[in-house]
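Notes to accompany the following structure.
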Amino acid sequence: MPSSADDEATLLESWEEIYKRGLLTFWLLLVLADRSVYAYEMSGALHEMSHATITANEQSIYRALTRFEGLGLVTSAMHPSQIGPPRKYYHLSPKGLHLLGRFIQRNLQVFHEPQMIARLQELAARVPSEEEIT
C-alpha cells in the first residue's frame with residue numbers, strides 16, 4: 001500500500017503538470033517578448049527563463065508557435081544561419097504583447113498586492129515540516 005508521502009508526491013506532481021501545461025503559453029510569449037527566437041532554441045530559453053520549472057518538447061513548441069502566428073500573436077521572418085539552412089525566427093507582435101500584458105494584469109499582478117504577499121508569507125511560515133506530518 002502506498003504511503004501518504006507517495007500519495008502526496010503523486011498529487012503534487014499531477015497538480016504541477018496541469019499548472020505547467022496551463023502556463024506554457026505565458027512562458028512562450030514571455031520569452032518572445034525579449035527577443036526573436038527560432039523554434040529549436042525556444043526549449044532552452046524556456047528552461048532558462050523559468051529556472052528549469054517549465055519544459056516543452058519541440059513538437060509542442062512548433063504547434064504553439066504556428067497557432068500563435070495564425071492568431072497574429074507572433075510574427076516570423078527567415079534569417080540566414082551560420083551553419084545550415086536559414087532559420088525561421090519568431091517575435092512577439094504588438095497584439096501578442098497586449099495579450100501578454102492583459103494576462104499579467106488579470107492573473108499575476110494579484111501576487112504583488114500587499115495583502116496577498118502577507119497572506120503567502122504567513123501561510124509559508126505555517127507549512128509543517130515532513131517530520132510533523134508523518
So, in the stretch 57-78, of the ones that are loosely packed, with under 14 Cβ neighbours inside 10 Å and charged (D, E, K, R), which residue ends up farthest from residue 97 (Cα to Cα)? 58
I'd like to check which helices (runs of 4 or more DSSP H) are fully inside the stretch 78-134 and have at least 1 residues that are more than 23 Å from residue 45 (Cα to Cα) and of a type in the set (S, T, N, Q). 114-126
For the structure I just gave you, tell me whether residue 67 is basic (Lys, Arg), assigned to a helix (DSSP H, G or I) and at pLDDT below 90. no
Look at residue 84 and say whether it is within 16 Å of the chain's Cα centre (by Cα), surrounded by fewer than 13 Cβ atoms within 10 Å (Cβ to Cβ) and over 25 Å from residue 13 (Cβ atoms). no
Condition test on residue 8, is it closer than 20 Å to residue 101 by Cα and surrounded by 12 or more Cβ atoms within 10 Å (Cβ to Cβ)? no
Can you name the residue in the stretch 14-28 that is of a type in the set (Phe, Trp, Tyr) and either free of Cβ contacts under 8 Å to residues at least 60 places away in the same chain or touching an Asp or Glu at 6+ places or on another chain (Cβ under 6 Å) (or both) and, of all such residues, is farthest from residue 92 (Cα to Cα)? 15
Going by the structure shown, is residue 31 more than 30 Å from residue 8 (Cα to Cα), in a helix (DSSP H, G or I) and β-branched (Val, Ile, Thr)? yes
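The values are calculated or read from the model by the stated rules, or taken from the named source; none is laboratory data. Quantities reported herein were computed from a predicted structural model and do not represent experimental measurements. Backbone-built Cβ (ideal geometry, glycine too); neighbour counts: all protein chains shown.
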